[in-house]
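Participant: Sharing a structure below in structure tokens format, with a few things to ask.
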Amino acid sequence: MRIKQVLKEKHLTQPELAAKMGVSLSAVKQMVKADSLTTATLEKIAGAVGVPMWQLIVSPADVMPATGVTISCPHCGKPLKITGV
């Protein structure tokens, strides 16, 4: 899980996350340490932090190819340039 990293990226503390989620700080600390969480819990965390749920598991860099990568269109075969967001 990347909860701790996402909190850093969003400049949020664990107490702030607990307040946004309406749960105790100890509950958030358990979530941050957990090896796995339910989809419902991940959705609540993602909503409170303001990120898509998948970012709690992998970073955008892990799923986006490097800037400048070229692939071909599966329909016409023309090259497509992929750029970062």
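Participant: Looking at Lys44, Lys10, which one is in contact (Cβ under 8 Å) with a residue 40 or more places away in the chain and out of contact with any strand residue (DSSP E or B) (no Cβ under 8 Å at 6 or more places or on another chain)?
Facilitator: Values: Lys44 fails: in contact (Cβ under 8 Å) with a residue 40 or more places away in the chain.
Matching residue, one of Lys44, Lys10: Lys10.
Participant: Would you confirm, using the coordinates I've provided, whether Lys29 is more than 16 Å from the chain's Cα centre (by Cα) and surrounded by 12 or more Cβ atoms within 10 Å (Cβ to Cβ)?
Facilitator: It is true that Lys29 is more than 16 Å from the chain's Cα centre (by Cα) and surrounded by 12 or more Cβ atoms within 10 Å (Cβ to Cβ).
Participant: Mind checking which pairs have a first residue in the range 60-80 that is farther than 30 Å from Arg2 by Cα and at pLDDT below 80 and a second that is surrounded by 10 or more Cβ atoms within 10 Å (Cβ to Cβ) and of a type outside the set (Lys, Arg), Cβ under 6 Å, 6 or more apart or different chains?
Facilitator: Hits for this filter: Leu80/Ile71.
For every residue, the table says whether it meets (1) touching a Leu at 6+ places or on another chain (Cβ under 6 Å); (2) in a helix (DSSP H, G or I).
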| site | (1), (2) |
| --- | --- |
| Lys4 | no, yes |
| His11 | no, no |
| Pro15 | yes, yes |
| Lys20 | no, yes |
| Ala27 | no, yes |
| Val32 | no, yes |
| Leu37 | no, no |
| Gln55 | no, yes |
| Asp62 | no, yes |
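Participant: Restricting the search to the range 25-39, which residues are among the small types (Gly, Ala, Ser) and over 17 Å from Leu12 (Cα atoms)?
Facilitator: Applying the first criterion (among the small types (Gly, Ala, Ser)) to the range 25-39 yields 26-27, 34, 36.
Once the filter is applied, which keeps residues that are among the small types (Gly, Ala, Ser) and over 17 Å from Leu12 (Cα atoms), the range 25-39 yields Ala34, Ser36.
The values are calculated or read from the model by the stated rules, or taken from the named source; none is laboratory data. Please read all numbers here as calculations on a predicted model, not as lab measurements. Virtual Cβ from ideal backbone geometry, glycine too; neighbours counted across all protein chains shown.
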